[in-house]
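Novice: Quick one: the structure is below, and I'll ask about it shortly.
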Amino acid sequence: MRHIAIIGSGPAGYYTAEAAQKAFGEDVRIDIFDCLPVPYGLIRTGVAPDHQSIKGVARRYEQVALTDNVRFVGNVTVGRDISVEELRSLYDAVVLATGAPKDRPLDIPGSDLVNVFGSAAFVGWYNGHPQFASLDPDLSGRTAVVIGMGNVALDVARILAKTEAEFVGSDIVAHALDALRASCFERIVLLGRRGPHQIMMTPKELGELGHLERAAPHVQRGDLPPEAEDAILEPGLRKSVAVLRQFAAIPEDIRGEKPVAIEFAFCAQPVELLGKDGRVTGVVIEETEVVKGKAVPTGRRGTLAADLVISCIGYRSVPIPGVPFEEREGRFANDEGRILPGLYCVGWARRGPSGTIGTNRPDGYGIVEKIAEDMAAGQLGHGGKQGREGFDAIAKSRALDIVTFRDWKKIEEAEQKAAREGAPREKFVDVEAMIRART
Ligand code: NAP
């Protein structure tokens, strides 16, 4: 029998478990650990609440979770409740699928002002992540500035722009819906430090901004490069730029009919956040020129008023004691997923925060191939490790309060029962409430 521990129950974790089941069949036992009492990582706390079809992939993970040789071990923090070293001594392979839950720091003066948030915190807040449930952003201002031109920036802008009716069918948590209902933004400004040809937004997600009830996208025709230059772009980006061109073609009077403007500001690098009485009031922006794909500052500066600033500029993994870490990249030091003998990483913990949910599937299958190769080469010992029995003994001796998949199904049932009309669930937003709901 072989034993595999997967740390993290998000997409990378579950695809790895699925791949390990296929590769090793009945000869493997897989434990999937999570620091929260609930599974699915970013599917639950990252994917936007109005993108329920993407969240539907959890049904596939549930099929994996419900098989006999896979176990969910929730409410256990690796690095605190049990060390990676201990897990390595118990399991033939330990796979870190811990994602990249920390914001890449904005690192400009004023980043610590009140009502400035990173996207991990803000997205966690509207998705009910217990760590961010008490964030309490002030949404009563006129102008929100969203830094970055990736899909997370799009999610944040769209959530800020939607009406209550547009959240029907979503699982946005009650505290966020209440705050958004009372919000009155007139401008949501997306800041890109490079140009339209360098956006990181995918066409489908970008296109959604064109169908909002009270908000319209504002793209200045003059900001776009000549159309002939789009030919050099890779097809996905070319489609996104085509969407920007459609937005630019919306006549002024038509887009003016909607009271909220989602403005695209290109070649606009934020260099300082301004504040009054400790609270953010504006962003100093330096104009850039894109030279060989890089943003080069021009020295021309201006100020944009801002009541709320959300920086959506990427994420970092959180280091775990004893595991080599690449500080600059913000991920575990690895060679195609191999960290140390018997220790691997996968998904964002391996490659950084890129790609879609689906990108984690080949990643998970790829790491299991490496594990199989290393096993065949005798690099992971010759079996005989204790696996879950050894872990259970440690958990008992430390009085860890483990949440099982069966417990999770009870928590899920309670969340479904508590759902407002039309919503799939009302999430518990604190760990104690989740744990209470399993009984
Ligand atoms: P991203 O795609 O890497 O975009 C980050 C953005 O932040 C870029 O526009 C980047 O500009 C900008 N940026 C970085 N550092 C900056 C700085 N110091 N100052 C100003 N701007 C800065 O990251 P993301 O939006 O966080 O998304 C992460 C991953 O999740 C992506 O692969 C994304 O596609 C995926 N995702 C997908 C969906 C979906 O499919 N629906 C939804 C959400 C997220 P530069 O390009 O100039 O560096």
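The values are calculated or read from the model by the stated rules, or taken from the named source; none is laboratory data. No experiment lies behind these values; they were computed from the predicted model shown. Quick reminder, even Gly has a Cβ in these numbers, built from the backbone with ideal geometry, and neighbours come from all protein chains shown.
Novice: Given the range 65-153, what strands (runs of 3 or more DSSP E) lie entirely inside it while holding 3 or more residues that are more than 16 Å from the ligand (Cβ to nearest atom) and within 30 Å of ILE371 (Cα to Cα)?
Specialist: On the way: elements: 70-74, 93-96, 116-118, 143-147.
Here the list reads 70-74, 93-96.
Novice: Does VAL73 satisfy the criteria of being assigned by TED's automatic domain parsing to the domain that holds PHE24 and over 19 Å from ASN360 (Cβ atoms)?
Specialist: yes
Novice: Could you check, for the range 128-136, whether at least one of its residues is under 25 Å from GLU432 (Cα atoms) and touching a Lys or Arg at 6+ places or on another chain (Cβ under 9 Å)?
Specialist: Narrowing the range 128-136 to residues under 25 Å from GLU432 (Cα atoms): 128-136.
Still in the list and also touching a Lys or Arg at 6+ places or on another chain (Cβ under 9 Å): 128-129.
There is at least one residue in the range 128-136 that is under 25 Å from GLU432 (Cα atoms) and touching a Lys or Arg at 6+ places or on another chain (Cβ under 9 Å).
Novice: With the checklist (1) away from the ligand (no atom under 16 Å from the Cβ); (2) at pLDDT below 95; (3) not hydrophobic (A, V, I, L, M, F, W, C) in hand, flag the one item GLY56 doesn't pass.
Specialist: Failing condition for GLY56: (1).
Novice: Give the residue that is surrounded by the most Cβ atoms within 10 Å (Cβ to Cβ), with candidates limited to residues of the range 10-31 that are more than 25 Å from the chain's Cα centre (by Cα) and aliphatic (A, V, I, L, M).
Specialist: So, considering only residues that are more than 25 Å from the chain's Cα centre (by Cα) and aliphatic (A, V, I, L, M), the one surrounded by the most Cβ atoms within 10 Å (Cβ to Cβ) is VAL28.
Novice: Here is a check on your reading of the model: is ARG301 of a type outside the set (Val, Ile, Thr) and assigned to a strand (DSSP E or B)?
Specialist: So ARG301 passes the test.
Novice: I need the full set of residues from the range 211-252 which are assigned to a helix (DSSP H, G or I) and over 24 Å from ILE159 (Cα atoms), in order please.
Specialist: ARG221, GLY222, ASP223, GLU227, ALA228, GLU229, ASP230, ALA231, ILE232, PRO235, ARG238
Novice: Out of VAL368, VAL309, VAL296, which single residue is surrounded by 14 or more Cβ atoms within 10 Å (Cβ to Cβ), under 30 Å from the mean Cα position of the chain (by Cα), outside any loop (DSSP other than H, G, I, E, B) and within 16 Å of the ligand (Cβ to nearest atom)? If you could, list the steps in order and put the result at the bottom.
Specialist: Details: VAL368 fails: within 16 Å of the ligand (Cβ to nearest atom); VAL296 fails: surrounded by 14 or more Cβ atoms within 10 Å (Cβ to Cβ).
Of the residues listed, the single one that is surrounded by 14 or more Cβ atoms within 10 Å (Cβ to Cβ), under 30 Å from the mean Cα position of the chain (by Cα), outside any loop (DSSP other than H, G, I, E, B) and within 16 Å of the ligand (Cβ to nearest atom) is VAL309.
Novice: Here's something else I'd like to know. Please tell me if ASN360 is within 20 Å of the chain's Cα centre (by Cα) and more than 26 Å from CYS184 (Cα to Cα).
Specialist: Against the criterion (within 20 Å of the chain's Cα centre (by Cα) and more than 26 Å from CYS184 (Cα to Cα)), ASN360 qualifies.
Novice: Sticking with this one: Inspect all residues belonging to the range 350-358 and state whether any of them is in a helix (DSSP H, G or I) and touching a strand residue (DSSP E or B) at 6+ places or on another chain (Cβ under 9 Å). Write out each step before concluding.
Specialist: Within the range 350-358, the subset in a helix (DSSP H, G or I) is 350-351, 357-358.
Subsequent filtering for residues that are touching a strand residue (DSSP E or B) at 6+ places or on another chain (Cβ under 9 Å) retains 350-351.
Yes; the residues of the range 350-358 include at least one that is in a helix (DSSP H, G or I) and touching a strand residue (DSSP E or B) at 6+ places or on another chain (Cβ under 9 Å).
Novice: Assess whether ILE172 counts as being in contact with a helix residue (DSSP H, G or I) (Cβ under 9 Å, 6 or more places away or on another chain), buried (at least 17 other Cβ atoms within 10 Å of the Cβ), not in a loop (DSSP other than H, G, I, E, B) and not charged (D, E, K, R). Spell out how you get there, then give the answer.
Specialist: Details: in contact with a helix residue (DSSP H, G or I) (Cβ under 9 Å, 6 or more places away or on another chain): yes; buried (at least 17 other Cβ atoms within 10 Å of the Cβ): yes; not in a loop (DSSP other than H, G, I, E, B): no; not charged (D, E, K, R): yes.
No: the conditions fail for ILE172.
Novice: Another question, then. Restricting attention to the range 165-211, which residues are more than 16 Å from the ligand (Cβ to nearest atom) and more than 23 Å from the chain's Cα centre (by Cα)?
Specialist: Filtering the range 165-211 for residues more than 16 Å from the ligand (Cβ to nearest atom) gives 165-169, 173-187.
Matches in the range 165-211: ALA165, ARG181, ALA182, SER183, CYS184, PHE185, GLU186, ARG187.
Novice: If you go through the range 375-419 one residue at a time, how many are basic (Lys, Arg) and within 20 Å of LEU343 (Cα to Cα)?
Specialist: 2
Novice: Going by the structure shown, is GLY195 touching a residue at least 40 places away in the same chain (Cβ under 8 Å), in the same structural domain as THR143 (by TED's automatic domain parsing) and in contact with a Phe, Trp or Tyr (Cβ under 8 Å, 6 or more places away or on another chain)? Please lay out each step first, then the result.
Specialist: Values: touching a residue at least 40 places away in the same chain (Cβ under 8 Å): yes; in the same structural domain as THR143 (by TED's automatic domain parsing): yes; in contact with a Phe, Trp or Tyr (Cβ under 8 Å, 6 or more places away or on another chain): yes.
Against the criterion (touching a residue at least 40 places away in the same chain (Cβ under 8 Å), in the same structural domain as THR143 (by TED's automatic domain parsing) and in contact with a Phe, Trp or Tyr (Cβ under 8 Å, 6 or more places away or on another chain)), GLY195 qualifies.
Novice: Quick one: is VAL73 surrounded by 20 or more Cβ atoms within 10 Å (Cβ to Cβ), more than 27 Å from VAL173 (Cβ to Cβ) and among the β-branched types (Val, Ile, Thr)?
Specialist: No.
Novice: While we're looking at this one, here's another question. Restricting to the range 34-90, what's the tally of residues that are among the small types (Gly, Ala, Ser) and free of Cβ contacts under 8 Å to residues at least 24 places away in the same chain?
Specialist: Of the residues in the range 34-90, 3 are among the small types (Gly, Ala, Ser) and free of Cβ contacts under 8 Å to residues at least 24 places away in the same chain.
Novice: Given (1) more than 15 Å from the ligand (Cβ to nearest atom); (2) under 16 Å from THR143 (Cβ atoms); (3) buried (at least 22 other Cβ atoms within 10 Å of the Cβ), identify the lone condition not met by TYR344.
Specialist: (2)
Novice: Might you check whether a residue that is over 22 Å from GLY118 (Cα atoms) and within 16 Å of the ligand (Cβ to nearest atom) occurs anywhere in the range 314-333?
Specialist: No.
Novice: For the range 347-365, which residues satisfy the criterion of being out of contact with any Lys or Arg (no Cβ under 9 Å at 6 or more places or on another chain) and not charged (D, E, K, R)?
Specialist: GLY347, SER354, GLY355, THR356, ILE357, GLY358, ASN360, PRO362, GLY364
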